[in-house]
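S.K.: Dropping the structure in here first, questions after.
The values are calculated or read from the model by the stated rules, or taken from the named source; none is laboratory data. Please read all numbers here as calculations on a predicted model, not as lab measurements. A quick note on method: Cβ atoms are made from the backbone with ideal geometry, for glycine too, and the neighbour counts reach across all protein chains shown. Keep in mind that these areas ignore ligands, DNA and RNA; they rest on the heavy atoms of the full protein, side chains included. Shrake-Rupley method; radii C 1.70, N 1.55, O 1.52, S 1.80 Å.
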Amino acid sequence: MYGSRGAGTMSTRRASAAVLGAALLLAGCSSSGDGDDEGKDKARDAGAGITQQPKEADPFWVNPDGNAARQLAELQESGEKDQAERIRKIAQQPTGEWISPENPEEQARGFTEAAEEAGRTALLVLYNIPHRDCGQYSGGGAADGNAYRDFVDGVAKGIGDRSATVILEPDAVLHLVDGCTPEQFHEERYDLLEGAVAKLSALENTKVYLDAGNAGWGHPDQIFEPLKRAGIDQADGFSVNVSNFYTTEDSIAYGKQLSAKVGGKHFVIDTSRNGNGPYTEGDPGERWCNPPGRALGETPTTKTADPLVDAYLWVKRPGESDGECKGGPKAGEWWPEYALKLAEGTG
């Protein structure tokens, strides 16, 4: 409703391919020799020349075989240099890996192993809560509470003691507050979120950020108590603006107001597509869905404008559709034309 996610539409084939890519990357990097730091920063990729970002400013893993890297390689091969350089702006940055329900343990293991081999931290997104997205473009999720608990258990086993940052269930708490999720599902959702926070935060090298909506939906007064019921006290913090377009400045203001109400918790901001701020035209109910004229935002980094902001992240993968609106493909599918327009918006 406030930013369709699309991860739930990822097919088994695509999920398997993503994990295979991570496994191949791991094998390729391992062949460079132990202790070869330069080799770790040079990723085996889709032929696009993707490397990791400087660790001191951006410790998150760049997937060298992602959709943007593949589009970049194709554009380079066809000699379209200008477009290739625009897509490189996306391909060269770390983005969230959205864990699909099929083989979550295998996916989490593949991504975290590849990240570890590159000396980086995997950025994972869990978006599988039952009754997700109120039946809209990214509707679905786990069949029931037990299926969701199994999903989280699989992710935790896959991560193990490797370094990971987890964004937990975009919009799940927000939709409890705004009336989108029916009342009969509320108690179960709180229980599932609290359990997921506890399970994942207990891992040795995993940070957990429980999603807390965005600067445009309402006021922090409406969500801070639900966040506490969902386990924010045990989490490392919360995330804001996931898959949305509100400016970094507005997101910091919203996050700081909310932080003051939840014990001073830190937060992260999804800056993936907020370079031009939110779309203000057309149907207000679908301004979040594939809006035109948007741009990439601040590149991922832990060097932010405020000490309460742990990182700017690209949680949403720029270039993936929000849903079948404004000419877009299904939620979560790569949309090359939209990716180019986002990259062009940065100048």
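S.K.: Which whole number in µm²/s is D for region 93-205 by Stokes-Einstein, with the Kirkwood Rh taken over Cα pairs at 20 °C and 1.002 mPa s?
M.R.: Translational diffusion coefficient: 149 µm²/s.
S.K.: Per residue, how large is the accessible surface of region 44-147? Use a 1.4 angstrom probe and give square angstrom.
M.R.: 38 Å²
S.K.: Here's a follow-up. In Å, what is the Rg of the alpha-carbon atoms in region 169-252, and how long is Dmax?
M.R.: In order Rg, Dmax, the Cα atoms of region 169-252 give 12.8, 36 Å.
S.K.: Now a separate question. What number comes out for accessible area per residue over region 165-213 if the probe is 1.4 Å? Units Å², please.
M.R.: Per-residue value: 34 Å².
S.K.: By the scheme Lys and Arg +1, Asp and Glu -1, what is the net charge of all other residues having a beta-carbon under 12 Å from that of LYS157?
M.R.: Net charge in that neighbourhood comes out at -2.
S.K.: Under a Cβ-only charge scheme (Lys and Arg +1, Asp and Glu -1), can you give me the dipole magnitude of region 223-347 about the Cα centre, in debye to the nearest 20?
M.R.: Taking the Cα centre of region 223-347 as origin, the dipole is about 240 debye.
S.K.: While we're looking at this one, here's another question. In region 200-324, carbon and sulfur make up what percent of the accessible area (probe 1.4 Å)?
M.R.: Accessible surface attributable to carbon and sulfur in region 200-324 totals 44 percent.
S.K.: Could I ask something else about it? If Lys and Arg each add +1 and Asp and Glu each add -1, what is the summed charge of the other residues whose beta carbon sits under 12 Å from the beta carbon of ALA295?
M.R.: Residues near ALA295 contribute +3 overall.
S.K.: Take peptides 247-259, 309-321 and line them up by average Cβ neighbours within 10 Å, highest first, as a rough protection proxy.
M.R.: Averaged packing, sorted descending, gives the order 309-321, 247-259.
S.K.: Where does each of 212-220, 63-71 land if you order them by average Cβ count within 10 Å, highest first?
M.R.: With the highest mean Cβ count within 10 Å placed first, the list reads 63-71, 212-220.
S.K.: Can you tell me how region 240-347 classifies by the Cα gyration tensor, rounded, prolate or oblate, using a/c under 1.5 as the rounded cut?
M.R.: It is prolate, given that a/c is not under 1.5 and a/b is the larger ratio.
S.K.: Restricting to Cα pairs below 8 Å that are 6+ residues apart, what does the relative contact order work out to for region 238-347? Please round to a whole percent.
M.R.: Dividing the mean separation by the residue count of region 238-347 yields 26 percent.
S.K.: Hey, can you rank 73-79, 102-108 by average C-beta count inside 10 Å, highest first?
M.R.: Highest to lowest by the protection proxy: 102-108, 73-79.
S.K.: Looking at region 196-238, which trypsin sites (Lys or Arg not before Pro) are in a loop (DSSP not H, G, I, E or B) and have at most 11 other Cβ atoms within 10 Å?
M.R.: Those that pass, being in a loop and sparsely packed, number zero.
S.K.: Once a ≥ b ≥ c are taken as the square roots of the eigenvalues of the Cα gyration tensor of region 77-129, is the result rounded (a/c under 1.5), prolate (a/b larger than b/c) or oblate (a/b not larger than b/c)?
M.R.: Verdict is prolate for region 77-129.
S.K.: Here's another thing I want to ask about it. Among LYS81/LYS303; LYS303/LYS326; LYS207/LYS303; LYS256/LYS330, which pairs are too far apart, with a Cα-Cα distance over 28 Å?
M.R.: Those over the limit are LYS81/LYS303; LYS303/LYS326; LYS256/LYS330.
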